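S.K.: Dumping the structure here so I can ask a few things about it.
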Amino acid sequence: MARVIVPVGPQHPALKEPVNFRIIAEGETIVGLELDVSYNHRGIEKAAEQRDFTRVVPLLERICGICSHSHGTAFVKGIEEIMAIAVPPRAEYIRTIIAELERIHSHLLWLGVAAHEIGWNTLFMWTWRDREAVQDILEEISGNRVNYGMNIVGGVRRDITPELNKAALDRLPALEAQIAGYVELLKKQETVLLRFQGVGRLTREQALTYGTVGPTARSSGVEYDIRRDDPYCAYAEVPWDVVTDTHGDVYGKTIVRIGELRESVRIVRYCLEHLPEGDITVKAPRNAPTGHALSRYEAPRGELSHYIRTNGTDKADRLDVRTPTLANWTSVAASLVNQNLADIPVIIAAIDPCLSCTSRLTVLNPQRTSSTEMTWEDLRRRARELNRERERC
Amino acid sequence: MENHAGVGTGDGGNRMTTIQEVQQAFTTGSDAACIVRNRVEAAVPPARIRGEVARARKDFGFDHLIQISVTDLGATFQLIYHLTGPHRIVLSLAVDVPREKPEAPSMHDIHPPAGIYERQIHDLMGVVFTGHPNLKRIILNEDWPQNEFPLRKDWKPEPDRYYGGVREVL
């Protein structure tokens, strides 16, 4: 049969990322894939060499809107390793709490997107509704829904007060109940079983050969989790389990992510209940000595690594970032082979390539200098008014 | 940890490779300082790097390439191959390639993800990986000028040169 090249992206309704795939297909079957990720390169590694350690952290948080805490933490813990400073335990626990909340919101977001890709938007609505509980906790603690700005070299910038602690703990049982619901749902919901099972399968050998990381590797039975293998923050002190599965397909990746949701809630609860007393920062020196560090971090999408080299100044000489998505791309090419064209969106989405996240709605009036935040009630009222106006026309 | 096809864990059964064994095999003499926690660092001459990465995989179970980091050190570019495996030891093999002839052997056949990492390094730092089947542009836009490598320390954008993308109309 004649080979056809199907271009997908960089702008495509089924992809939420500016990436271009040239899919080589024979009929409806995929036989190969070429990839171009150049559409959104922002030169952050170069820009990071120009900023001192205080100013570079907010920049690195913006590498990714979803795993912003991951990039910030990976960098500051690398710099702290070079400076040989010990972060107070309370700061390590707070970093862990934010990291796991970030994982919960990221996995819930992913579950919604995966459901959307198979045309089951009801689940998308449910998971994104539940994700709001996590976003609320993050907003209460950090003041932001994304780009939390918690990290600084030497600790964290905001404390978790007893009131915030209680508010966060109070939100967890409802979230846990919803997650338990998804576990049951996944076992018997027909749409999910039909579209996830056997799709984009990666064997254990393939997962190892193609260097996969994170839930993509763990769903193929590769027990590989930086939180356990190279412990950082408070993970060595917290009881939790690495979640793995042996399906290797989109279904397996879903099982792993839902399992990790439960583990993350467990870690967050433990850390909130056992939050050590004390300072949240130590004073870090302005300059870092000459040195280098490989800082590894288990981001929601898998192992993130920052190679940092310093030269005795207050700026990094080199920051080399390897994101989990880059590590997983090679396996996507392998898992797409012999699959159906219609399964492209869900197989690509299965590794959870980074997506962007929006902030809350702010109404700006150019005549005034101040801005007004809209509350949920305002927003509903405004929607009702708009609908009425439209119906009258 | 069970063994898997084609890759030895270097344990000859059930015993795990220890960090001392890795240190003895890859570092020379008085490099005791090269161990930090679970990390072992070693410098390797360019001619031997392919053999060393292959040996680490075959005999010591380093089956996962974490990252190939690259730094512009002035006279040389330093490539570091960060490897790990079921024993969770991280082995960092550093190789310096000369600036005037920035060439290193490709590892795409030993560690498939190296293919994409090498394309990235080639694009941004201008290191040529010999034996790479498809060393095409991946990170920079297609109309980026040839022979301009933005991560090199001596790179400065020319004010009147076109670097691709949308042309600004003044």
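Bear in mind these aren't lab numbers, they're just calculated from the coordinates by the rules spelled out. Just so we're clear, the structure is a prediction, and the values are computed from it rather than from any experiment. Cβ coordinates were reconstructed from backbone atoms using ideal geometry, including for glycine residues, and neighbour counts include every protein chain displayed.
S.K.: Can you pull the semi-axes for the range A:275-340, root of five times each eigenvalue of the Cα gyration tensor, sorted largest first, whole Å?
M.R.: 36, 19, 6
S.K.: Principal axis lengths of the range A:1-50 from Cα atoms, whole Å, largest first?
M.R.: Ordered largest first, the range A:1-50 gives principal extents of 54, 20, 10 Å.
S.K.: Let me ask another. Under 8 Å for C-alpha pairs, at least 6 residues apart: give me the relative contact order for the range B:110-156, rounded to a whole percent.
M.R.: 36
S.K.: Other chains' Cβ within 10 Å of B:124-137 residues: what's the mean?
M.R.: Partner Cβ neighbours, averaged per residue: 1.
S.K.: Order of A:175-185, A:147-157 by packing, highest average Cβ count within 10 Å first?
M.R.: Descending mean neighbour count gives A:147-157, A:175-185.
S.K.: Moving on to the next point. Can you give me the Cα centroid spacing of the range B:98-157 and the range A:16-69 in angstrom?
M.R.: Cα centroid to Cα centroid, the span is 17 Å.
S.K.: Hey, another quick one. So how do A:M83, B:M107 line up by other beta-carbon neighbours within 10 Å, fewest first?
M.R.: A:M83, B:M107
S.K.: A further question on this structure: If R0 is 35 Å, what FRET efficiency do you get for A:A174 and A:R62 from their C-beta distance, rounded to 0.05?
M.R.: 0.65
S.K.: Take A:E139, A:E45, A:E100, B:E100 and order them by how many other Cβ atoms sit within 10 Å, fewest up front.
M.R.: Listing A:E139, A:E45, A:E100, B:E100 from fewest to most nearby Cβ atoms yields B:E100, A:E139, A:E45, A:E100.
S.K.: For peptide A:310-318, how many partner chain Cβ atoms fall within 10 Å of a residue's Cβ, on average?
M.R.: Averaged over the peptide's residues, the number is 1.
S.K.: Select from chain A the helices, each a whole stretch of DSSP H, whose alpha-carbon atoms run 15 Å or more along the helix axis and whose Kyte-Doolittle mean is at least 0.5; answer none if there are none.
M.R.: Helices meeting the criterion: A:324-336.
S.K.: Neighbour counts of other C-beta atoms within 10 Å: give me A:R145, A:R388, A:R228 arranged from fewest to most.
M.R.: Ranking A:R145, A:R388, A:R228 by Cβ neighbours within 10 Å, fewest first, gives A:R388, A:R228, A:R145.
S.K.: Which lysines, if any, have their Cα less than 23 Å from the Cα of A:K187, not counting same-chain residues under 8 positions apart?
M.R.: Leaving aside lysines fewer than 8 places away in the same chain, those within reach of A:K187 are A:K253.
S.K.: Here's something else I'd like to know. What's the FRET efficiency of A:E163 with A:R380 using the Cβ-Cβ distance as r and R₀ = 35 Å, to the nearest 0.05?
M.R.: My answer for the efficiency is 0.80.
S.K.: Ranked from highest to lowest mean number of other Cβ atoms within 10 Å per residue, what is the order of the peptides A:272-279, B:40-47, A:305-312?
M.R.: Result, highest mean first: A:305-312, B:40-47, A:272-279.
S.K.: Still on this structure, please answer the following. How much of the calculated P(r) for the range B:19-130 lies past 21 Å, in percent of all Cα pairs?
M.R.: In whole percent, the share of Cα-Cα pairs in the range B:19-130 beyond 21 Å is 32.
S.K.: For a Förster distance of 45 Å, can you work out the FRET efficiency between the beta-carbons of B:R37 and B:E100, rounded to the nearest 0.05?
M.R.: It comes out at approximately 0.75.
S.K.: Kirkwood hydrodynamic radius of the protein assembly as shown from all distinct Cα pairs, in Å?
M.R.: About 25.0 Å, per the Kirkwood formula over Cα pairs.
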